[in-house]
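Below is one structure; the comments refer to it alone.
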Amino acid sequence: MLAALLPALPGAIAKIVRTGDPYLFTERFFQDVLARLSGPGRLRFVVQPTVAIFLGLRSGVKDAQLGLPPFLWGLIFHKAHRRDLLRSAFASIRNLLAIAIVLDVISQFLIFHEIRPGAALLVGPVLITAPYLLARALTNRIVRRKTPLMPTAHTS
């Protein structure tokens, strides 16, 4: 993953210094994201979130079986579970995150003939983390509601 981004970093920094255009969150950035939806690699906008949702479902069921709070709720309000929840989330999606970043680099090169490392580090992971987090949290809630008298681990 880093092997794909590191060579592009000096050029990206030089371009920012030369033009003063940070690119991220500019109008061009959002136009480029939309261009990726129709260019090479567009299937990843379906496949990657789908795989992330599957991983989130699996993790959410495990959380419910262990009596853990829903993922986002646990991260925010249950300090005792925060480290374990983050560790399990990263273990579930680390390879998918790396693939997402590499695929973003490839699609940028194929579509725009340049690589923007900041965009690759943002767009790829967002395609994975948002669906994963939502699926994990919602699955936990659904499984806990359908399974009566499940023990909870709501300690602070």
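The values are calculated or read from the model by the stated rules, or taken from the named source; none is laboratory data. Please read these numbers as outputs of a predicted model, since none were measured by experiment. Cβ placement follows ideal geometry from the backbone for every residue including glycine, while neighbour counts extend to all protein chains displayed.
For the subset of region 83-115 comprising residues that are among the aromatic types (Phe, Trp, Tyr) and more than 17 Å from Gly56 (Cβ to Cβ), which member is nearest to the chain's Cα centre (by Cα)? Write out each step before concluding.
So in region 83-115, the residues among the aromatic types (Phe, Trp, Tyr) come out as 90, 109, 112.
Now restrict to residues that are more than 17 Å from Gly56 (Cβ to Cβ): 109, 112.
On the way: Phe109: 21, Phe112: 23 Å.
The qualifying residue nearest to the chain's Cα centre (by Cα) is Phe109.
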## Note on the structure
The residue that is farthest from Leu96 (Cα to Cα), considering only those in region 134-145 that are aliphatic (A, V, I, L, M) and touching a Leu at 6+ places or on another chain (Cβ under 6 Å), is Ala137
### Query
Are there any pairs, at least 6 apart or on different chains, whose C-beta atoms fall under 7 Å, with the first in region 118-131 and touching a residue at least 60 places away in the same chain (Cβ under 8 Å) and part of a helix (DSSP H, G or I) and the second buried (at least 18 other Cβ atoms within 10 Å of the Cβ) and polar (S, T, N, Q), and if so, which?
Ala119/Gln108; Ala120/Gln108; Leu127/Gln48; Ile128/Gln48
### Lone unmet requirement of (1) surrounded by fewer than 18 Cβ atoms within 10 Å (Cβ to Cβ); (2) in contact (Cβ under 8 Å) with a residue 60 or more places away in the chain; (3) over 26 Å from Leu6 (Cβ atoms) for Arg83
(2)
### Query
Among the residues of region 103-143, how many are of a type in the set (D, E, K, R) and at pLDDT below 90?
3
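Given the structure, is Ala98 of a type in the set (A, V, I, L, M, F, W, C), surrounded by fewer than 18 Cβ atoms within 10 Å (Cβ to Cβ) and in contact (Cβ under 8 Å) with a residue 12 or more places away in the chain? Give the steps one after another, and end with the answer.
On the way: of a type in the set (A, V, I, L, M, F, W, C): yes; surrounded by fewer than 18 Cβ atoms within 10 Å (Cβ to Cβ): yes; in contact (Cβ under 8 Å) with a residue 12 or more places away in the chain: yes.
Criteria met by Ala98.
Working only within region 59-74, note down all residues that are surrounded by fewer than 18 Cβ atoms within 10 Å (Cβ to Cβ) and without any contact (Cβ under 8 Å) to a residue 40 or more places away in the chain.
Our first condition is that a residue be surrounded by fewer than 18 Cβ atoms within 10 Å (Cβ to Cβ); within region 59-74, this holds for 61-62, 65-67, 72-73.
Hit for region 59-74 is Lys62, nothing else.
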### Task
From (1) under 22 Å from the mean Cα position of the chain (by Cα); (2) at pLDDT 85 or above, pick out the condition that doesn't hold for Ala80.
(1)
### Summary
Filtering region 12-45 for residues that are over 13 Å from Ala119 (Cα atoms), assigned to a helix (DSSP H, G or I), more than 17 Å from the chain's Cα centre (by Cα) and in contact (Cβ under 8 Å) with a residue 24 or more places away in the chain leaves a count of 1
